[in-house]
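Okay, structure first, notes after.
The values are calculated or read from the model by the stated rules, or taken from the named source; none is laboratory data. Worth saying up front: this structure is predicted, and the values here are computed from it rather than measured. Here the Cβ is made from the backbone with ideal geometry for all residues, glycine too, and neighbour counts use every protein chain on show. These area figures cover heavy atoms from the full protein model, side chains too; ligands, DNA and RNA do not enter into them. Shrake-Rupley method; radii C 1.70, N 1.55, O 1.52, S 1.80 Å.
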Amino acid sequence: VGLASAVLLPIPAVWAIEHLGLFDHFPGLPFLVITVVTTLVGRLAAGLLSVAVSAVLLMVYAVPPAGRFASARPSDALAILLFASVTFVVALALASKDAARKESAAANSRIENLATSLAGEHNTLRQIVDQMPVGVIVADEGGRLTTQNARSRAILEYNYEPGGPIEAYGSDVP
């Protein structure tokens, strides 16, 4: 679809330039729009083909004498080169944005999968600790209590508050 649009979409633009006199002062404008649409539909390859087709059609139909591939004046050749450069940059930017969006979606999917896996492992570990026949109290590297199983509550007859620092309990608590 993208490559076909890169070749077919410029035809109405050429017709509008030749028969309607539209875009007499800015004949590259419809081709720029076509390049944007083609790149969005067909990605980078279609966008680059659109740049090439548009540049050739502009050279043939917008540079006097119109209707044939004539040797252009240096200023006309420079204008076509500038048009091709700008549309190339636009096509490359759009294609890069699309590729970055896909990479971002893939990375987000991987992160979600890892988060789900981690939550499952955390749940499994929590179930193992809760089923242990010995009392278990766990603190993180910062000294904050993170876990206390039912057996430790029964042994100590005390329920530690998760997230609190060990020092907060002092020596009054078993």
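Data overview
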| read-out | value |
| --- | --- |
| Counted residues, the range 5-14 - those being open to solvent by 50 Å² or more (accessible area, probe 1.4 Å) and either among the aromatic types (Phe, Trp, Tyr) or in a helix (DSSP H, G or I) (or both) | 4 |
| Residue list for the range 15-31, restricted to those being surrounded by 19 or more Cβ atoms within 10 Å (Cβ to Cβ), touching a residue at least 40 places away in the same chain (Cβ under 8 Å) and not small (Gly, Ala, Ser) | ILE17, PHE31 |
| Which numbered condition PHE23 fails, given (1) modelled with pLDDT under 85; (2) hydrophobic (A, V, I, L, M, F, W, C); (3) at negative phi | (3) |
| Residue satisfying condition, being farther than 28 Å from ALA6 by Cβ, outside any loop (DSSP other than H, G, I, E, B) and open to solvent by less than 60 Å² (accessible area, probe 1.4 Å), within set ALA107, ALA84, ALA95 | ALA107 |
| Residue in the range 116-127 that is out of contact with any Pro (no Cβ under 8 Å at 6 or more places or on another chain) and in contact (Cβ under 8 Å) with a residue 24 or more places away in the chain present | no |
| Condition met for VAL134 (in contact with a Ser or Thr (Cβ under 9 Å, 6 or more places away or on another chain), modelled with pLDDT of 90 or more, in a helix (DSSP H, G or I) and more than 23 Å from GLY47 (Cα to Cα)) | no |
| Given (1) crowded, with 21+ Cβ neighbours inside 10 Å; (2) under 18 Å from ALA99 (Cβ atoms), index of the condition LEU44 fails | (1) |
| Selected residue (only one of VAL56, VAL37 is under 12 Å from LEU94 (Cβ atoms), modelled with pLDDT of 80 or more and assigned to a helix (DSSP H, G or I)) | VAL37 |
